[in-house]
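Written below as structure tokens is the structure these notes are about.
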């Protein structure tokens, strides 16, 4: 089967590509590297002019004056010049309903070309989209990444990117995509809940993780308990990072001789992996019901991860609380209590780390997940 993967978030499509190729499919990935993470792609639409010297200055100037993002235009132009290579695929899978991340009318123009020149279109619900944003705005989650905005409307500039998904220009893109697709797949429980009862919703397929390339080293707690917090400044509010920072400050004062804390910000993916390699506890995000990709890879490495692990997730996989990861709630007090519990019961760190690896191997192993995708492709 000839498959085109369009777009990239957090290494999902790169790992799925590895799984699909292992099952003897031909796969091409088009992407922009997902920002500073700089993930690889077969065909790159990564902005270069608008991120260097004169182009960067012009981009900043235009955005301040008009809120026009030159990088979006550049992605669209770069994609356009590759259109001749993007024909004749059996399957086109979009990482998101805005997978090219260009100006809305250009996005629709390019997507129409893709839809016309290929056979079957599949959509992932990964990252925010029209349906998930509406679900959050209606406050149907117990908590969500929109909570900081609900509490302080002055944060509008930090949330404009998300709120743009509700505007008429994007709704046109949403309708175009949903008219073209045969199925939409949720990559975790945060997307399952908004999509329930949608006629084109296939269901959940877990994120693929290449366990073969992630070493599992059983944790030892004979020295200080090591915490790692990786900050992406662009998602700082949406992931509730300030709760982690506040809790770590308290823990550092309370257990100064028992803990070591590493905080890194906006680092490329490969550097990120190296930094957390020697850690016991990784802090991922607060406003989630299920694990994001970084959390899953850390779990595969046997780390204890603070992330989304709500009741819906536990029921989906028939797990007990704190069995494979720790549910990070938007509460500094709750985080401090959970951090303290692990520091004072280090045997639990070893136990959860082992359980985490086993969970990933059983539910997220990339070849098994790729086979699940193929089932959808063949419907």
Say each of residue 245 and residue 164 gets a label point 7 Å from the Cα, pointing the same way as Cα to Cβ; how far apart are those two points in nm?
2.5
Would you mind getting me the FRET efficiency between residue 344 and residue 368? Use the beta-carbon distance for r and R0 = 41 Å, nearest 0.05.
0.65
What is the distance in Å between the Cα centroid of the stretch 172-187 and that of the stretch 325-373?
32
Show me the ranking of peptides 75-81, 255-261, 226-232 by mean Cβ neighbours inside 10 Å, starting with the highest.
226-232, 75-81, 255-261
Over what distance in Å are the Cα centres of the stretch 89-125 and the stretch 271-311 separated?
30
In nm, spacing of pseudo-spin labels at residue 157 and residue 43 (7 Å Cα→C-beta vector):
3.7
In nm, to one decimal, how far is the modelled label at residue 375 from the one at residue 333, with both set 7 Å along Cα→Cβ?
4.4
Extension gain, residue 87 back to residue 65 (0.36 nm per residue minus Cα-Cα distance, nm)
4.1 nm
Would the stretch 144-251 count as rounded, prolate or oblate if I go by the C-alpha gyration tensor, calling it rounded below 1.5 in a/c and otherwise prolate when a/b exceeds b/c, oblate otherwise?
oblate
Using a 10 Å cut-off around each Cβ, can you sort 225, 181, 95 from fewest to most neighbouring Cβ atoms?
181, 225, 95
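Rounded to the nearest 0.05, what FRET efficiency is calculated for residue 273 and residue 117 with R0 set to 56 Å and r the Cβ-Cβ distance?
That gives a FRET efficiency of 0.95.
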Quick check on the stretch 212-363: take the gyration tensor over C-alpha atoms, sort the square-rooted eigenvalues as a ≥ b ≥ c, and tell me if it's rounded (a/c under 1.5), prolate or oblate.
rounded
Just to confirm the number: angle between the C-alpha axis of helix 346-363 and the first principal axis of the chain, 0 to 90 degrees, nearest 10?
30
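Could you tell me whether the stretch 118-173 comes out rounded, prolate or oblate from its Cα gyration tensor? Rule is a ≥ b ≥ c as square roots of the eigenvalues, rounded for a/c under 1.5, then prolate if a/b exceeds b/c, otherwise oblate. Don't jump to the answer; show the numbers that get you there.
Working: a/c = 2.77, a/b = 1.81, b/c = 1.53.
Prolate, since a/c reaches 1.5 and a/b exceeds b/c.
Assuming 0.36 nm per residue, please report the length gained on full extension of the stretch residue 198 to residue 253 beyond their Cα-Cα distance.
On the way: separation 55, 0.36 × 55 = 19.80 nm, distance 4.91 nm.
Fully extending the segment from residue 198 to residue 253 adds 14.9 nm.
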Given the rule -39500 (n - 2.57) for each run of at least 4 DSSP H residues, summed and divided by the residues of the chain, what is its mean residue ellipticity at 222 nm, to the nearest 500 deg cm²/dmol?
-13500 deg cm²/dmol
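Every number here is computed from the coordinates shown, using simple stated rules; none is lab data. Since we're looking at a predicted model, the values are computed, not measured. Cβ coordinates were reconstructed from backbone atoms using ideal geometry, including for glycine residues, and neighbour counts include every protein chain displayed.
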